[in-house]
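Heads up, the thing below is written out as structure tokens.
The values are calculated or read from the model by the stated rules, or taken from the named source; none is laboratory data. Remember, it's a predicted structure, so these values are computed and weren't measured experimentally. Ideal geometry is used to build each Cβ from the backbone, glycine not excepted, and the neighbour counts take in all protein chains shown.
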Amino acid sequence: MNIEQQKQIAKNVYDKLRLADPDCLLAGGAPRDWYFGETCNDLDFYFCSTACTMGSTQRQLKAIGFENVKHIADPYSSELYKSMEGLLRIWECEYEGMKVQFIQLCTPQNRWKVVDNMDISICKAYCKQSDLSIVLHRDFKLTVASRVMFLKEGYDWEQKHAVKMFERFKGKFAAGTKEQATDRLIRVSLEGIQ
């Protein structure tokens, strides 16, 4: 499967998921991978639901077209999602040959914090619903410009997701801090002026 096929599947998911949440968001790994010209492993959609119980949310997701959706975790028990505030449940299904995760938010206000709350700068990206154009967070842009990726405050490079990203981007981006990324960008900019 190529990037364009994955984007078409993402668009189809968006079209259905908007029935439950008109402001749902595709963020994280897929936009990041597409930005770098690579296919992604899965699609992570963040959404709010009018349904309040697990059973009613599952029925809602099935009613809009995600037949085999199942609850896979609560955010506090997931290594990847425990750093993010305002998450309620994580759902998963296969849709048109791709793994899709639906990360259910506690409130609509939490949607605007999703990208800010991601644990590592290199994952802070999302796609616009209208055309799936990729929007990069300022931390992502700093990482690309400085070649230094960094973690959310209070996290360290020993955590499972950080180790995974370090291994994946070894040689392309160094692991460091936001301060190191900023200093490196300033140093590179000054060298370019001279």
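Cβ separations smaller than 9 Å between residues 6+ apart or across chains give the following pairs from the stretch 90-104 residues that are touching a residue at least 24 places away in the same chain (Cβ under 8 Å) and more than 17 Å from residue 75 (Cα to Cα) to residues that are surrounded by fewer than 20 Cβ atoms within 10 Å (Cβ to Cβ) and among the small types (Gly, Ala, Ser): 95/65. Regarding residue 191, is this residue of a type outside the set (Ser, Thr, Tyr), in a helix (DSSP H, G or I) and over 16 Å from residue 123 (Cβ atoms)? In short, yes.
The residue that is modelled with the lowest pLDDT, counting only those in the stretch 116-147 that are touching a Ser or Thr at 6+ places or on another chain (Cβ under 8 Å) and hydrophobic (A, V, I, L, M, F, W, C), is 118. Considering the conditions (1) surrounded by fewer than 19 Cβ atoms within 10 Å (Cβ to Cβ); (2) part of a loop (DSSP other than H, G, I, E, B), residue 11 is excluded by exactly one of them, (2). Considering only residues in the stretch 141-159 that are polar (S, T, N, Q) and crowded, with 18+ Cβ neighbours inside 10 Å, the one that is farthest from the chain's Cα centre (by Cα) turns out to be 146.
Taking (1) closer than 30 Å to residue 58 by Cβ; (2) at pLDDT 95 or above in turn, residue 150 satisfies each apart from (1). Pairs linking a residue in the stretch 131-147 that is among the basic types (Lys, Arg) to a residue that is surrounded by 17 or more Cβ atoms within 10 Å (Cβ to Cβ), with Cβ atoms under 8 Å and 6 or more positions apart or on different chains, are 147/173; 147/174; 147/184.
Pairs meeting the criteria (first residue in the stretch 149-162 and assigned by TED's automatic domain parsing to the domain that holds residue 183, second residue of a type in the set (Lys, Arg) and outside any loop (DSSP other than H, G, I, E, B), beta carbons under 7 Å, at least 6 apart or on different chains) are 150/178.
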